[in-house]
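Chemist: Below you'll find the structure I mean.
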Amino acid sequence: MISLRDVRFGYPRSRFSLRIPELSIPVAARAAAIGPSGSGKTTLLNLVSGIERPQVGEVETAGVRVDRLSVPARRSFRITTIGFVFQDFLLLDYLDVLGNILYPYRLHSDLKLDRAARDRAHELASNLGIAAMLERPPNELSQGERQRVAIARALVTAPKLVLADEPTGNLDPATKQQALDLLFDQCAALSMTLLMVTHDHGLLDRFDHVVDLSTFDAGTT
């Protein structure tokens, strides 16, 4: 599912650099990315998804060499293949909660906004405890509620891969457990691969792979 070989990456006008000699995550795995701040956890997600392209090396995701794709092709690949849970949610205030959950269907013609998609959105909202909020705008929600909307949006298209950047950081313990259960159950049911950035090492026993970015050559130079 995910394979990186001899990757080197650095941001323009920054001293940050990341080198990954080899990394492999199989299909349907539940993988956690850990490491101190600045070790490259979010950068890893960006490379896997094609948001960023390495200066050197190979990045293969879901059988596609994303490092070889053009910018438009990488965008299309992300929309149709990957579900994201961003650290800062990236919800749209001009859409209500249901509109935000279904937003990926606005972005690509290959994603069909049909009755099945709407039913799935309602089911996810119910499972995450936000079914009563579907007509509300995001700016009326708490941080935890906004996070649950972001999780539902990531899962609604049943993507091959879910990338999550600290998806439970704003949730209370009970809701955190519920959200993780939903993520893991959905990924298992549909053979989705999950790669999740977390600082909570108490969660690591729930993952079958742990990627410790501190073991790679990362940081400032």
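The values are calculated or read from the model by the stated rules, or taken from the named source; none is laboratory data. Source: prediction; values computed, not measured. Here the Cβ positions follow ideal geometry from the backbone for every residue, glycine too, while neighbour counts run over all protein chains shown.
Chemist: Can you name the number of the only condition in (1) assigned to a helix (DSSP H, G or I); (2) over 18 Å from the mean Cα position of the chain (by Cα) that Gly129 fails?
Modeler: Result: Gly129 fails condition (1) only.
Chemist: Inspect all residues belonging to the range 98-108 and state whether any of them is over 25 Å from Ala73 (Cα atoms) and either hydrophobic (A, V, I, L, M, F, W, C) or modelled with pLDDT under 95 (or both).
Modeler: Yes - at least one qualifying residue is present in the range 98-108.
Chemist: Failed condition for Lys176, given (1) in contact with a Lys or Arg (Cβ under 9 Å, 6 or more places away or on another chain); (2) modelled with pLDDT under 90; (3) over 26 Å from Ile51 (Cα atoms); (4) of a type outside the set (Asp, Glu), with all others met?
Modeler: (1)
Chemist: Can you pull out every residue in the range 179-198 that is assigned to a loop (DSSP other than H, G, I, E, B) and modelled with pLDDT of 90 or more?
Modeler: Filtering the range 179-198 for residues assigned to a loop (DSSP other than H, G, I, E, B) gives 190-192, 198.
Residues satisfying the conditions are Ser191, Met192, Thr198.
Chemist: Output the qualifying pairs, or none if there are none: Cβ atoms under 8 angstrom, residues six or more apart or on different chains, first residue in the range 88-105 and aliphatic (A, V, I, L, M), second residue buried (at least 20 other Cβ atoms within 10 Å of the Cβ) and part of a loop (DSSP other than H, G, I, E, B).
Modeler: So the pair list comes out as Val97/Ile130; Ile101/Val156; Leu102/Val156.
Chemist: What's the number of the condition Asp110 fails, among (1) touching a Gly at 6+ places or on another chain (Cβ under 9 Å); (2) assigned to a loop (DSSP other than H, G, I, E, B); (3) of a type in the set (Asp, Glu)?
Modeler: (1)
Chemist: Let me ask something else about it. Quick check on the range 163-185. Is at least one of its residues surrounded by 15 or more Cβ atoms within 10 Å (Cβ to Cβ) and more than 18 Å from the chain's Cα centre (by Cα)?
Modeler: Yes, the range 163-185 contains at least one residue that is surrounded by 15 or more Cβ atoms within 10 Å (Cβ to Cβ) and more than 18 Å from the chain's Cα centre (by Cα).
Chemist: Scanning the range 1-40 for residues that are hydroxyl-bearing (Ser, Thr, Tyr) and modelled with pLDDT under 95, which turns out farthest from Leu204 (Cα to Cα)?
Modeler: Start the filter on the range 1-40 by keeping residues that are hydroxyl-bearing (Ser, Thr, Tyr), which leaves 3, 11, 14, 17, 24, 37, 39.
Cutting the leftovers down to modelled with pLDDT under 95 gives us 11, 14, 17, 37, 39.
Numbers: Tyr11: 29, Ser14: 31, Ser17: 26, Ser37: 18, Ser39: 18 Å.
Here the answer is Ser14.
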